[in-house]
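*Asks:* The structure that follows is given in the form of structure tokens.
The values are calculated or read from the model by the stated rules, or taken from the named source; none is laboratory data. Note that the coordinates shown come from a computational prediction; the quantities given were computed from them, not determined experimentally. No Cβ is skipped: glycine too gets one built from the backbone with ideal geometry, and neighbour counts run over all protein chains shown.
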Amino acid sequence: MLKAILKEAWISITAYKLRTFLTMLGIMIGVAAVVMMVSAGQAVQTYITKSFESIGSNLIVIGPAEIVSGGVRGGRGLPSVTVADITALKELKDVEATSFIMPAAVQAVYGSSNYGVSVRGTNPEFIVINNWEIEDGIMFTEKDVKAAKPYIVIGQTVVDELFGLQNPLGKTMRLKGKPFTVIGTLKEKGDGLMGDDQDNVILMPWTTVRQRLEGSERPQYTNIAFVKAVSEDKMERVSKRVEYMLRTRHRLKEGVKNDFTIRLMTEMVEKVRSVGFILSALLAVIASISLIVGSIGIMNMMLVSVTERTREIGTRKALGAPNNWIMLQFLAESILISFIGSFIGMIFGVIFSQIGGYILNYEVPISIWSVIVSVTVAVVVGIISGLMPALKAMRLNPIDALRYQ
Amino acid sequence: MTKTQPVIEVQHVCKTYFMEGGNSQSVLKDINFSVNSGEFVAIMGPSGSGKSTLMNILGCLDKPTSGTYILNGQDVSTKDDIALAKIRGQTIGFVFQNFNLMMKRTIADNVSLPLVYQNINERTRYKRAIEMLNRVNLKGYQSRLPSQISGGMQQRVAIARALINNPAIIFADEPTGNLDSKTSDEIMELFTTLNKQGITIVLVTHEDDVADYATRMIKISDGHKVYDGLRKEYSKEKDKPC
């Protein structure tokens, strides 16, 4: 029976190809829009998540405490975590590595070229913790840190801007008029989360920053420090140990607030993921409006169809078609239209989102759930929009239907 | 079924339409008759006499307000819509004035349509459709569309469709109303041939020429049966409620 109903429905919808196609168009556009919008949302989510994960998801970030005055947050206070603190944290259980940044912004000069760069004074573990890689040459060592050697490792933007096609290794460049030797180059990282150029960077021993560059007023302190746990599941415990150790070292009495902040990268990733999910859902809801418009189109077409085919319905009933058969046939027509429309829309949605991703150089994942949900929604929409016309057809009196002109 | 066994038994059938405001209109008043298997009956009457209402009741498309209608041995006057649809599909064949063919479907599809509702497989349906088309002299037309054949041929297709479920009776409602006189004669000849093959036919018409093909005539006037007898013995003077 089902096969026969589907065949009858198929013949009916293919009898008026243009009208069926135009009706399908609404659903096609709706589903394509949902798939594209959700894919766009997921692309952003994936991009942000990957950016975080490239730093390392089992990372604990330590920064200055927040200033709160009269219940109002006033940004970050002065750095309170010292290099000695960070070195001590390395001895904690389940800690793989620790690192920190002493930043400085200077003008780098090589030959007749100069370029504004971001300098980061740190320790050798910095690139391990942040998952950065050396392209050419080597990273400075702990020995170099102790000796405050003027060795630098430069990012690809610095290479391009100052050295062009030359090999920078072994070359001497000047920062604040002082010479520094390039011992390594970093692999390209691309833009950061805020659109900043992560390759416009120079890494050097933190001791070198203190001694050779101007340094901060409180040179022993670090603006931001990193503690890498041995695994993601140990993050909570390690963060508690870090907090305990820092409070002990800073001699903070019970009841006194931390003079530092601890952030877990997993929490940040989770937050970003949830924001991305909300973004995707919001885009999907907006795109769903076109699905609703499409469903109204189907309902309209089916109502017209029932009116046009009133005599056909009467004839079918006279020839023995039960009422439920008539209802199911019209319902099957609207479901077929919405299903085929959504299937084509899904294909177009995937194709267009991939083309968009290719043009914008974003990785656009194909979201299976958005495909399943949009096709399911389209079929449900088909049922809902087809139900009223189908019931109308079912309830037609065969005598009146046969008399219909 | 022997030729004397009644296919239709109508006993005291009345039909009243109740309208808004409490008004009612009595369309059929105490109609009684029976039709035996193999008969060829013409139901006649002027416009508004109630003959179409009677036809609708006989075709199980409508129910009488009172009285009993026995079709092929079963009382159908109290059946529900589902049962009536089943009876229409299995016991009755319809031929309409406007042919009522599906214009986007092939001739074979049109002829086999009643079998779709009886869950008969596609191959059998097609085979039966070819047989019925041969029976109405439309061999080789199965793949054409109704728009590609003449009106007379379309009515033959409708007759083939009415025959496909081996009905106990065929109801034809003004079957020649949309045809020219020559084609009308051909269609009526076909009905006569089918009747001679044993098929019971009841047709509604207001044309005397068409009614002449029937052996028996029932005349309705103002909801009353005013004549029931042999067609050749009918004369207008005999009209009186009976």
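*Asks:* Restricting to segment A:349-400, name every residue that is within 14 Å of chain B (Cβ to nearest Cβ) and outside any helix (DSSP H, G or I).
*Replies:* A:Leu396, A:Asn397
*Asks:* Identify, please: which residue in segment B:120-138 is among the hydrophobic types (A, V, I, L, M, F, W, C) and away from chain A (no Cβ under 13 Å) and is, among those, nearest to A:Glu8 (Cα to Cα)?
*Replies:* The residue in question is B:Ala129.
*Asks:* Let me ask something else about it. Is it the case that A:Val153 is touching a helix residue (DSSP H, G or I) at 6+ places or on another chain (Cβ under 9 Å) and closer than 22 Å to A:Phe52 by Cβ?
*Replies:* Numbers: touching a helix residue (DSSP H, G or I) at 6+ places or on another chain (Cβ under 9 Å): yes; closer than 22 Å to A:Phe52 by Cβ: no.
The answer is no for A:Val153.
*Asks:* Determine the pairs where a residue that is away from every other protein chain (no Cβ under 13 Å), located within segment B:59-83, has a partner that is outside any loop (DSSP other than H, G, I, E, B) and of a type in the set (Phe, Trp, Tyr) with Cβ atoms under 7 Å apart, the partner being 6 or more residues away or on another chain.
*Replies:* Hits for this filter: B:Val76/B:Tyr69; B:Ser77/B:Tyr69.
*Asks:* Return yes when B:Glu233 is under 24 Å from B:Gly50 (Cα atoms) and over 21 Å from the mean Cα position of the chain (by Cα) and no when it is not.
*Replies:* Numbers: under 24 Å from B:Gly50 (Cα atoms): yes; over 21 Å from the mean Cα position of the chain (by Cα): yes.
Criteria met by B:Glu233.
*Asks:* Another question about this same structure. Which of the residues that make up segment A:3-51 are touching a helix residue (DSSP H, G or I) at 6+ places or on another chain (Cβ under 6 Å) and within 14 Å of chain B (Cβ to nearest Cβ)?
*Replies:* Hits for segment A:3-51 are A:Ala4, A:Ile5, A:Leu6, A:Glu8, A:Ala9, A:Ser12, A:Ile13, A:Thr20.
*Asks:* Only one of (1) hydroxyl-bearing (Ser, Thr, Tyr); (2) under 19 Å from the mean Cα position of the chain (by Cα); (3) within 26 Å of B:Asn36 (Cβ to Cβ) fails for B:Ser112. Which number is that?
*Replies:* Among (1) hydroxyl-bearing (Ser, Thr, Tyr); (2) under 19 Å from the mean Cα position of the chain (by Cα); (3) within 26 Å of B:Asn36 (Cβ to Cβ), the lone unmet condition for B:Ser112 is (3).
*Asks:* What do you reckon, is B:Val7 touching a Ser or Thr at 6+ places or on another chain (Cβ under 6 Å) and surrounded by 21 or more Cβ atoms within 10 Å (Cβ to Cβ)? Talk me through it step by step, then tell me what you get.
*Replies:* Values: touching a Ser or Thr at 6+ places or on another chain (Cβ under 6 Å): yes; surrounded by 21 or more Cβ atoms within 10 Å (Cβ to Cβ): yes.
Spelling it out, B:Val7 is indeed touching a Ser or Thr at 6+ places or on another chain (Cβ under 6 Å) and surrounded by 21 or more Cβ atoms within 10 Å (Cβ to Cβ).
*Asks:* What residue, of B:Gly93, B:Gly89, is assigned to a strand (DSSP E or B) and within 14 Å of chain A (Cβ to nearest Cβ)? Talk me through it step by step, then tell me what you get.
*Replies:* Values: B:Gly89 fails: assigned to a strand (DSSP E or B).
Criteria check complete, one pass: B:Gly93.
*Asks:* Still on this structure, please answer the following. How many residues are of a type in the set (S, T, N, Q), touching a strand residue (DSSP E or B) at 6+ places or on another chain (Cβ under 8 Å) and surrounded by fewer than 15 Cβ atoms within 10 Å (Cβ to Cβ) when one looks only at segment A:225-256? Walk me through it before giving the result.
*Replies:* Initial filter on segment A:225-256 (of a type in the set (S, T, N, Q)): A:231, A:239, A:248.
When the remaining residues are screened for being touching a strand residue (DSSP E or B) at 6+ places or on another chain (Cβ under 8 Å), the result is A:239.
Then keep just the ones that are surrounded by fewer than 15 Cβ atoms within 10 Å (Cβ to Cβ); that gives none.
Selection size over segment A:225-256: 0.
*Asks:* I'd like to check which strands (runs of 3 or more DSSP E) are fully inside segment A:83-137 and have at least 2 residues that are within 13 Å of A:Phe226 (Cβ to Cβ).
*Replies:* Values: elements: A:95-110, A:113-122, A:134-137.
Where strands (runs of 3 or more DSSP E) fall fully within segment A:83-137 and carry at least 2 residues being within 13 Å of A:Phe226 (Cβ to Cβ), they are A:95-110, A:113-122.
*Asks:* Considering (1) buried (at least 18 other Cβ atoms within 10 Å of the Cβ); (2) at pLDDT below 90; (3) within 14 Å of chain A (Cβ to nearest Cβ), say which one B:Lys104 fails and leave the rest.
*Replies:* If we test B:Lys104 against (1) buried (at least 18 other Cβ atoms within 10 Å of the Cβ); (2) at pLDDT below 90; (3) within 14 Å of chain A (Cβ to nearest Cβ), just (1) comes out false.
*Asks:* Looking only at segment B:187-210, count how many residues are surrounded by fewer than 22 Cβ atoms within 10 Å (Cβ to Cβ) and farther than 15 Å from B:Gln97 by Cβ. Steps first, answer last, please.
*Replies:* Narrowing segment B:187-210 to residues surrounded by fewer than 22 Cβ atoms within 10 Å (Cβ to Cβ): B:189-190, B:192-199, B:206-209.
Applying the additional criterion that residues be farther than 15 Å from B:Gln97 by Cβ yields B:189-190, B:192-199, B:208-209.
Matching residues across segment B:187-210 total 12.
*Asks:* Moving on to the next point. Do we have any residue at all in segment B:160-170 that's more than 14 Å from every other protein chain (Cβ to nearest Cβ), touching a residue at least 24 places away in the same chain (Cβ under 8 Å) and within 24 Å of B:Val7 (Cβ to Cβ)? Lay out the reasoning, then the answer.
*Replies:* Filtering segment B:160-170 for residues more than 14 Å from every other protein chain (Cβ to nearest Cβ) gives none.
No, every residue in segment B:160-170 fails to be more than 14 Å from every other protein chain (Cβ to nearest Cβ), touching a residue at least 24 places away in the same chain (Cβ under 8 Å) and within 24 Å of B:Val7 (Cβ to Cβ).
*Asks:* Just one of (1) surrounded by 19 or more Cβ atoms within 10 Å (Cβ to Cβ); (2) under 22 Å from B:Lys86 (Cα atoms); (3) within 14 Å of chain B (Cβ to nearest Cβ) trips up A:Arg403, so point out which.
*Replies:* A:Arg403 satisfies every listed condition except (1).
*Asks:* Of everything in segment A:201-223, what is surrounded by 13 or more Cβ atoms within 10 Å (Cβ to Cβ), of a type outside the set (Val, Ile, Thr) and at pLDDT below 90? Give them in sequence order.
*Replies:* As a first pass, look at segment A:201-223 and keep what is surrounded by 13 or more Cβ atoms within 10 Å (Cβ to Cβ): A:201-213, A:215-216, A:219-223.
In the following step, the residues that additionally are of a type outside the set (Val, Ile, Thr) were identified as A:203-206, A:210-213, A:215-216, A:219-221, A:223.
Within segment A:201-223, A:Trp206, A:Arg210, A:Gln211, A:Arg212, A:Leu213, A:Gly215, A:Ser216, A:Pro219, A:Gln220, A:Tyr221, A:Asn223 meet the criteria.
*Asks:* Here is a further query. For segment A:291-323, which positions are hydroxyl-bearing (Ser, Thr, Tyr) and either crowded, with 20+ Cβ neighbours inside 10 Å or within 14 Å of another protein chain (Cβ to nearest Cβ) (or both)? Reasoning before the result, please.
*Replies:* Of the residues in segment A:291-323, the ones hydroxyl-bearing (Ser, Thr, Tyr) are A:295, A:305, A:307, A:310, A:315.
Listed by number, the residues that qualify are A:Ser295, A:Ser305, A:Thr310, A:Thr315.
*Asks:* From B:Tyr117, B:Tyr141, which residue is surrounded by 17 or more Cβ atoms within 10 Å (Cβ to Cβ) and either within 13 Å of chain A (Cβ to nearest Cβ) or at pLDDT 95 or above (or both)?
*Replies:* Details: B:Tyr141 fails: either within 13 Å of chain A (Cβ to nearest Cβ) or at pLDDT 95 or above (or both).
Sole residue among the options that is surrounded by 17 or more Cβ atoms within 10 Å (Cβ to Cβ) and either within 13 Å of chain A (Cβ to nearest Cβ) or at pLDDT 95 or above (or both): B:Tyr117.
One line per residue, one yes/no per condition, for (1) more than 31 Å from the chain's Cα centre (by Cα); (2) acidic (Asp, Glu); (3) not assigned by TED's automatic domain parsing to the domain that holds A:Tyr47:
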| residue | (1), (2), (3) |
| --- | --- |
| A:Glu333 | yes, yes, no |
| A:Tyr362 | no, no, no |
| A:Trp369 | no, no, no |
| A:Val373 | no, no, no |
| A:Val381 | no, no, no |
| A:Ala393 | yes, no, no |
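*Asks:* How many of the residues making up segment A:138-161 are within 21 Å of A:Asp196 (Cα to Cα), assigned to a strand (DSSP E or B) and of a type in the set (Ser, Thr, Tyr)?
*Replies:* Qualifying residue count, segment A:138-161: 0.
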